[in-house]
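*Asks:* Could you have a look at this structure, given as structure tokens, before my questions?
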Amino acid sequence: MANSAAQRLAKALRSANADTAFGVPGGGPNLDVVGAMQAEGIRFVLSHGETPACIMASAYGLITGRVSPVVVTRGPGAAVAVNGAAQATLDRQGLVLITDTVPAATSKRVAHQRLDQRAIFAPVSVAGLTFGDDTSDEDLAATIAEATTWPAGTVHIDYDADSGGSASVRALRADGSPDTGEIASMISNASRPVVLLGVGALGSASTVRTALQAFGAPVLSTYQATGIVDSEDEICAGLFTNGASEQKLLEKADLIIAVGLDMVEPIPAPWRYNAPVVSLAPTPTADPYAPIGHEAVGDVGQLASDVLVGSHSWDRAAGIMHRESVRAKLHNQALELGPVDLVKAAASVAPSDITACVDAGAHFLAIMPFWSVSEPNRLLISNGLATMGYSVPAAIGAALARPGEPVLSFVGDGGLGMTLAELETVARLKLPITVIVFNDAALSLIGAKQVDANHGGSDAVDYNMTDFAVIAEAMGLQAAVASTTDEVKAALDGNWMTPKLIDARINPSPYKHLIKVTRGS
């Protein structure tokens, strides 16, 4: 019976276009599922941790558009996977997380590893299913499909082959109003409209890009929307975080046009702007964080093509002028080796087809404004959950999704410490991943937030200096330590298809300046 149920689950995943699964299996039912998936032609990638497996899978699914399964064991495996499930859901990336469970038939006498896993995953999932012998193929297929239905996220499947099964899907999506008439009129009458481009536009990125280029107004992109408009295009004004760096441009706006803007991305600072806000969104915006006056819901590309018309008073170069002024403010310190220097050194020698993955931490404030991105999903970052430990697993998923193309993982020493074992996964799979560690032996972003002696001092943020190059070499990667921009370039120059790690010993003193320019405090 168990094997039959595993076969049904594997067939359903294959029918949903899955071709690669990730995870850390336990015994018994887990191995039934892994074996059944392999029999269906779904390769299995073994990770060292459950949350890294989820991140690998969500990055792989984001790039390929495929359903991406993860298999973990009951109890401790499921508990560790919660952060990975939350990352996929809040970053709007599809994931099917499969856990075995203490069977319902024996749960009253078996307390070992018995957790209410459906309850644990409910807050971080878009749908859930206890998959058993009586679960219909239709219910199984419908639940799996929820993972890649916007807003994408985690579907949790509790695998209990002998149970009756039960399902829960997300609340019925509200119908949106195609409020295009009033929006089109407001846009055509605006003199200085500014576009806020968000992750909800990824599904129709090409059409959105064409519409925005024809419209010609300045565009500010959220982190996860980076690349929908080429970051070096003249209309690209840089980044929107609801911080300080974009404030000067948005204060000039007489209309703010949100295109696929998802309120999960902006930092929770006060909304500062008096200009009216209109929205083009794939689903209704329930969050009142931004004062949206009118919203059109539907295909964001088609909506953008329909309403982004009319003339405005912006010079075509307004976007690039703002972007470059912010970059100039960010990089105003000459020292060796600052975080911006490190990013620029890497960019100067990186191949054009590279995919970059960025971890949470102070270093992303140096990367995001300066890293050039010409197409969507060429720069991956967790911005909805903003979780540390994202970059290395995401790089593994990206390298598997784009075989034969180089991948660059930017990570802080804190984030790498959380996923250090996955360097072995990089080496074992012989993936073309280069890891650059911003190594200052500290949680620098948290340290910058310490404003008085009651915030824990150095005990709360400082580590011993770690030689990550030695560790990487022990795991099978090429590795080098770099303390200058020339050493960084020398270490990176050459074969980007060989797994390697650069332990960059940076000067962290510019971080407070980067935070002030970017966030205003």
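*Asks:* Could you go through segment 78-95 and let me know if any residue there is at pLDDT 95 or above, farther than 19 Å from residue 123 by Cα, of a type in the set (A, V, I, L, M) and not in a helix (DSSP H, G or I).
*Replies:* no
*Asks:* Here are some residues: 244, 211, 217. Which one is over 22 Å from the mean Cα position of the chain (by Cα), in a helix (DSSP H, G or I) and not aromatic (Phe, Trp, Tyr)?
*Replies:* Going through 244, 211, 217 in turn, just one is over 22 Å from the mean Cα position of the chain (by Cα), in a helix (DSSP H, G or I) and not aromatic (Phe, Trp, Tyr): 211.
*Asks:* I would also like to ask the following. State yes or no: is residue 356 within 18 Å of residue 239 (Cα to Cα), out of contact with any Ser or Thr (no Cβ under 6 Å at 6 or more places or on another chain) and not assigned by TED's automatic domain parsing to the domain that holds residue 481?
*Replies:* No: the conditions fail for residue 356.
*Asks:* Look through 80, 45, 24, 34 and report the one residue that is under 24 Å from residue 387 (Cα atoms) and in contact with a Phe, Trp or Tyr (Cβ under 8 Å, 6 or more places away or on another chain).
*Replies:* 45
*Asks:* Follow-up question, since we're still on this one. Quick check on residue 362: is it part of a loop (DSSP other than H, G, I, E, B) and either in contact with a Lys or Arg (Cβ under 6 Å, 6 or more places away or on another chain) or crowded, with 23+ Cβ neighbours inside 10 Å (or both)?
*Replies:* Answer is yes for this residue.
*Asks:* I'd like the residue in segment 209-244 that is in contact (Cβ under 8 Å) with a residue 60 or more places away in the chain and of a type in the set (S, T, N, Q) and, out of all such residues, is nearest to residue 514 (Cα to Cα).
*Replies:* If we take residues in segment 209-244 being in contact (Cβ under 8 Å) with a residue 60 or more places away in the chain and of a type in the set (S, T, N, Q), then 241 is nearest to residue 514 (Cα to Cα).
*Asks:* Something else now. Kindly indicate the residue of segment 259-304 that is part of a loop (DSSP other than H, G, I, E, B) and small (Gly, Ala, Ser) and also surrounded by the fewest Cβ atoms within 10 Å (Cβ to Cβ) among those meeting that condition.
*Replies:* 286
*Asks:* Applying the selection to segment 241-269, what residues are of a type in the set (D, E, K, R) and closer than 21 Å to residue 365 by Cα?
*Replies:* Of all residues in segment 241-269, those of a type in the set (D, E, K, R) come to 246, 248, 251-252, 254, 262, 265.
Answer for segment 241-269, where residues must be of a type in the set (D, E, K, R) and closer than 21 Å to residue 365 by Cα: 246, 248, 262, 265.
*Asks:* Hey, another quick one. Consider segment 84-98. How many of its residues are closer than 16 Å to residue 157 by Cα and either surrounded by fewer than 24 Cβ atoms within 10 Å (Cβ to Cβ) or touching a Lys or Arg at 6+ places or on another chain (Cβ under 6 Å) (or both)?
*Replies:* Filtering segment 84-98 for residues closer than 16 Å to residue 157 by Cα gives 84-86, 88-89, 94-98.
Now narrow it down to the ones that are either surrounded by fewer than 24 Cβ atoms within 10 Å (Cβ to Cβ) or touching a Lys or Arg at 6+ places or on another chain (Cβ under 6 Å) (or both): 86.
Within segment 84-98, residues that are closer than 16 Å to residue 157 by Cα and either surrounded by fewer than 24 Cβ atoms within 10 Å (Cβ to Cβ) or touching a Lys or Arg at 6+ places or on another chain (Cβ under 6 Å) (or both) number 1.
Residue-wise test of (1) of a type in the set (A, V, I, L, M, F, W, C); (2) modelled with pLDDT of 65 or more; (3) in contact with an Asp or Glu (Cβ under 8 Å, 6 or more places away or on another chain); (4) under 14 Å from residue 359 (Cα atoms).
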position	(1), (2), (3), (4)
410	yes, yes, yes, yes
415	no, yes, yes, yes
427	yes, yes, no, no
438	yes, yes, yes, yes
441	yes, yes, yes, no
456	no, no, no, no
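*Asks:* For segment 23-62, give me the residue count where each residue is surrounded by 22 or more Cβ atoms within 10 Å (Cβ to Cβ), part of a helix (DSSP H, G or I) and not acidic (Asp, Glu).
*Replies:* Total meeting the criteria: 17.
*Asks:* Working only within segment 380-412, note down all residues that are assigned to a helix (DSSP H, G or I) and surrounded by 24 or more Cβ atoms within 10 Å (Cβ to Cβ). Show your work before the answer.
*Replies:* Just the residues of segment 380-412 that are assigned to a helix (DSSP H, G or I), to begin with: 391-401.
If the condition is that a residue be assigned to a helix (DSSP H, G or I) and surrounded by 24 or more Cβ atoms within 10 Å (Cβ to Cβ), then 391, 392, 393, 394, 395, 396, 397, 398, 399 are the ones that fit.
*Asks:* Tell me which residues, restricted to segment 180-208, are part of a helix (DSSP H, G or I), within 13 Å of residue 277 (Cα to Cα) and touching a helix residue (DSSP H, G or I) at 6+ places or on another chain (Cβ under 8 Å).
*Replies:* Matches in segment 180-208: 183, 184, 187.
*Asks:* (1) touching a Pro at 6+ places or on another chain (Cβ under 8 Å); (2) buried (at least 24 other Cβ atoms within 10 Å of the Cβ): which one isn't true of residue 73, the others all being true?
*Replies:* (2)
*Asks:* Taking only segment 121-148 into account, find how many residues are within 16 Å of residue 15 (Cα to Cα) and polar (S, T, N, Q).
*Replies:* Looking only at that region, the number is 3.
The values are calculated or read from the model by the stated rules, or taken from the named source; none is laboratory data. Because the structure is predicted, anything quoted here is derived from the model rather than measured. When we count neighbours, we look across all protein chains shown, and the Cβ atoms used for this are built from the backbone with ideal geometry, even at glycine.
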